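Peer 1: I have a structure here, written as structure tokens, and I will follow up with some questions on it.
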Amino acid sequence: MDTERIDLAVIGGTGLYRLAGLEAEAPHQPPTKYGALSGPVRIGTLAGRRVAFLARHGEGHSVPPHLINYRANLAALHALGARRVLALNTVGGIGERYGPRVLACPDQIIDYTWGRVSTFCEEAGSEVLHVDFGDPYTPALRAEILAAAAAAGVAMVDGGCYGATQGPRLETRAEIARLRRDGCDLVGMTGMPEAALARELGLDYACVAIVANWAAGCGDAEEITFQQVLDNVAAASTALPGLLEALLARA
Ligand code: HPA
């Protein structure tokens, strides 16, 4: 397996199945003891740096949030040499600063998911890790992302609480009202257990959330269509190449 250091691993969410500008080498799909990854890890060069990209839902969006093999995805990125992970997560906006097409770098998570394998500490005889998770996203990497956004002239909201829901259905208005009362600003289906598993592996991990729609009952939300989600992700993603270039320039 190729274990040359990777400067940055990027995990793409809904609507992000390839990384623009990545001059890809052959795809890697290493076997892991946790099973199969969502799809190939594409390792290539971006802005002169070695970058890996993995589509979280598979390149054909075939893996639903609750069936993503988060452990395999992260274990493979780690084994391939990644130490910093930028998670791109498509989300709904709850707080008024988080309307469609906004980019945000959240700093907190509330986990509402259930039934997902959420730890590597399950093997008989292995030491159980109670990792610190008070700051679920690596503060230093968040600071780098925000500085890169400022340098690249990319508008990004600093902070926010990501509420991770089970999916794949969207939420009811009552569920979103509850998330709002809990303090969530954003809602998505894939933020957990990915962030916690990354922490267990000792990876630096932070999220750039791409707001695709107002969550149910928020803003002017009526019916949320998948086309609306894809259109808004595509529009907001035009800022990503500049952001990544600025981030990699700081690596
Ligand atoms: N809820 C949960 N996940 C999402 C949403 C939403 O409204 N939009 C995009 N991902």
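Peer 1: When the gyration tensor of the range 86-152 is built from Cα positions, what are the square roots of 5 times its three eigenvalues, in whole Å, from largest to smallest? Don't skip to the answer; put the middle values down first.
Peer 2: Details: eigenvalues 176, 59, 19 Å².
Values for the range 86-152, descending: 30, 17, 10 Å.
Peer 1: Compute the convex hull volume of the Cα atoms of the range 69-186, divide it by the residue count, and report the result per residue in Å³ as a whole number. Could the numbers behind the result be given before it?
Peer 2: Numbers: hull volume 16.6 nm³, N = 118.
Cα convex hull per residue, to the nearest whole number: 141 Å³.
Peer 1: Considering only the range 1-147, what is the antiparallel percent among its DSSP beta bridges, to the nearest 5?
Peer 2: Roughly 55 percent of the beta bridges in the range 1-147 run antiparallel, per DSSP.
Peer 1: Run the dipole for the range 1-54 about the Cα centre, Lys and Arg Cβ at +1, Asp and Glu Cβ at -1, nothing else charged, and hand back the magnitude in debye, nearest 20.
Peer 2: Numbers: 6 positive and 5 negative charges, 28 e Å.
For this selection, approximately 140 debye.
Peer 1: Residue farthest toward the positive end of the dipole of the range 32-153, with Cβ of Lys/Arg at +1 and Asp/Glu at -1: which of Tyr98, Ala150, Phe133?
Peer 2: Farthest along the dipole direction, towards plus: Ala150.
Peer 1: Can you check what the net charge comes to around Arg116, using other residues whose Cβ is under 15 Å from the Cβ of Arg116 (Lys, Arg +1; Asp, Glu -1)?
Peer 2: Values: positive: Arg56, Arg71; negative: Asp111, Glu122, Glu194, Glu200.
So the surrounding residues net to -2.
Peer 1: Let me ask something else. Starting from the coordinates of the alpha-carbon atoms of the range 128-167, obtain the Kirkwood hydrodynamic radius over all distinct pairs and give the value in Å to one decimal.
Peer 2: Working: mean 1/r = 0.0804 Å⁻¹.
The Cα-based Kirkwood calculation yields 12.4 Å.
Peer 1: How much FRET efficiency would the formula 1/(1 + (r/R0)^6) give for Ala20 and Ala174, where r is the Cβ-Cβ distance and R0 is 30 Å, rounded to 0.05? Walk me through the intermediate numbers first.
Peer 2: Working: r = 38 Å, r/R0 = 1.28.
Efficiency, rounded to the nearest 0.05: 0.20.
Peer 1: Moving on to the next point. Given bins 10 angstrom wide, list per bin the percent of all Cα-Cα distances in the range 1-79, short to long.
Peer 2: 21, 54, 24, 1
Peer 1: Here's something else I'd like to know. Roughly how many debye, to the nearest 20, is the charge dipole of the chain about its Cα centre, given +1 on each Lys and Arg Cβ, -1 on each Asp and Glu Cβ, and no other charges?
Peer 2: Values: 21 positive and 28 negative charges, 40 e Å.
The calculated dipole for the chain is roughly 200 debye.
Peer 1: Based on the alpha-carbon gyration tensor of the range 53-133 and its eigenvalue square roots a ≥ b ≥ c, which shape applies: rounded if a/c is under 1.5, prolate if not and a/b is larger than b/c, or oblate? It would help to have the intermediate numbers written out before the result.
Peer 2: Values: a/c = 1.81, a/b = 1.50, b/c = 1.21.
In terms of gyration-tensor shape, prolate.
Peer 1: Next question, about the same structure. On the first, second and third principal axes, largest extent first, how far apart are the outermost C-alpha atoms of the range 205-250 in Å?
Peer 2: 41, 20, 15
Peer 1: Looking only at Cα atoms, what is the convex hull volume of the range 135-251 per residue, in Å³? Walk me through the numbers on the way to the answer.
Peer 2: Details: hull volume 13.5 nm³, N = 117.
Per residue, the Cα convex hull of the range 135-251 comes to 116 Å³.
Peer 1: Could you grab the Rg to Rh ratio for the chain? Cα atoms only, Kirkwood for Rh.
Peer 2: So for the chain, dividing Rg by the Kirkwood Rh gives 0.94.
Every number here is computed from the coordinates shown, using simple stated rules; none is lab data. Everything numeric here is computed off the predicted structure, so don't read it as measured data. Reconstructed Cβ throughout: ideal geometry from the backbone, glycine too, with neighbour counts over all protein chains shown.
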